[in-house]
Amino acid sequence: MTTGQGVGIVVVSHSRALARAALALASEMLHGRPVRIELAAGLDETTFGTDAVGVKEAIEAVDGPDGVVVLMDLGSAVLSAELALDLLDDPTARDRVTLSSAPIVEGLVVAAVAASGGASRAEVATEARNALLGKAAHLSVPDDTAGDDVPAAVGPEVTGVFVVGNSHGLHARPAARLVSEVSGLDAAVTLTNQTAGTGPVPAASLSRVATLGAQQGHQVEIRASGPQAQEAVEHLLALAARNFDEVAEPTQPVPAPAAAAGVGPVGASPGIAIGPARRLTVPVVDADESAVGEPGAEWRRVVEAVAEVRRDIEHLRALTVREVGEAEAGIFDAHLTLLADAALLADVKQRVSDGVGAFAAWTVCLDAIEREWSELPDARRIPSGLHDTDITR
């Protein structure tokens, strides 16, 4: 971080390397003038993603009387920045933060220069938002063809089709891998299971992708629009061709024996093992008897609980990677993806805004998803531990 006075700047990006490169470029334009800039980028040095807690800490690090301007790249970076505002300990700090729609590279360069010159938060945000005007003016075309630029910038809808090759279909781990691939691109993507007739559903939502019921051999259609629509389709087709990077299973897996619901044991894997029996049961979630506060306070409870559970899961994932292996730890990626599911969080937030308490809103939304998933023909595709995100903390 560069220390100094004036407006602080936070860069939220899926890629730590990208954010560092953008900061290095902007620093070249400052000629040593101090600007407070913090990066909240990537889940670690190599893993793409954004974390609301990391964004919150970055905002607090550069906050001051002149406020903060937050630049975001795309997708969940915007959601993480919005959640970060709800996490801020000082309620007045939220009024000092501006979330900017500016492009991250050009916006950071211009915002940094403006901040170094003593511009106000509104001026820094405006300069960042207008960062592309010089490029647009330089590349402008005659008026009689200017209209052609609009559709070209957005691009037509791009489609593609893949056949699910995974032996257990598009279950938790491959679905989480798919959602992760989409969330890093500037495109609106939907999926339709043409074989089962389910969908379309947003590809960026794990809770919705799971409802496709995509089994091995099912044909899934991709539809994408936006600046990176072509890349989105190409990436997903390539990912599907690699079976969503899922570790190959034995060529002749032993099929699970049929059993009546709730009757008798069901084989979980081939082979024989001897050891103590442990009965797994679904824990009963205790009702939250506390009084329902105002919507802002209840939503803060949701955000803080999600952040706490996310940290717990990331810790478990790291332990699993170290003790068992990266492939086995992949199931936790599905849990983390569900916690960042924009569709789920939007549903919870709407209920909270309507006066429902945090606990009830979260429970009702997850119950609805669980009911949908329970109707899928193959329960192995359902991410386990749906209610493990304990909103009562």
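The values are calculated or read from the model by the stated rules, or taken from the named source; none is laboratory data. From a predicted model like this one, the values you see are computed outputs, not experimental measurements. Glycine also receives a Cβ, built like all others from the backbone with ideal geometry; neighbour counts cover every protein chain displayed.
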*When segment 184-210 is examined, which residues are found to be touching a residue at least 60 places away in the same chain (Cβ under 8 Å), part of a helix (DSSP H, G or I), surrounded by 24 or more Cβ atoms within 10 Å (Cβ to Cβ) and within 15 Å of the chain's Cα centre (by Cα)?*
Leu206, Ser207
*State which residue is nearest to Ala19 (Cα to Cα) when the search covers only segment 57-74 and only residues that are without any contact (Cβ under 8 Å) to a residue 60 or more places away in the chain and surrounded by 18 or more Cβ atoms within 10 Å (Cβ to Cβ).*
Ala58
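Quick grid of which residues meet (1) in contact (Cβ under 8 Å) with a residue 40 or more places away in the chain; (2) surrounded by 19 or more Cβ atoms within 10 Å (Cβ to Cβ); (3) among the aromatic types (Phe, Trp, Tyr):
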position	(1), (2), (3)
Arg16	no, yes, no
Ala26	yes, yes, no
Pro34	yes, no, no
Ile37	yes, yes, no
Ser76	yes, yes, no
Arg94	no, no, no
*Here are Glu234, Glu181, Glu221, Glu249: which of them is of a type in the set (D, E, K, R), at pLDDT below 85 and surrounded by 15 or more Cβ atoms within 10 Å (Cβ to Cβ)?*
Glu181
*Subset of segment 80-133 [in contact with a strand residue (DSSP E or B) (Cβ under 9 Å, 6 or more places away or on another chain) and closer than 18 Å to Val306 by Cβ]*: Ser80, Ala81, Glu82, Ala84, Leu85, Leu88
*Residue check, Thr159 modelled with pLDDT under 85, among the β-branched types (Val, Ile, Thr) and not in a loop (DSSP other than H, G, I, E, B)*: no
*All but one of (1) over 24 Å from the mean Cα position of the chain (by Cα); (2) at pLDDT 80 or above hold for Pro174; which doesn't?*
(1)
*Take Ile369 and decide whether it is assigned to a helix (DSSP H, G or I) and either basic (Lys, Arg) or surrounded by 21 or more Cβ atoms within 10 Å (Cβ to Cβ) (or both).*
yes
_Quick test for you: out of Ala346, Ala361, Ala334, pick the one residue that is over 16 Å from the mean Cα position of the chain (by Cα) and either at pLDDT 85 or above or in a helix (DSSP H, G or I) (or both)._
Ala361
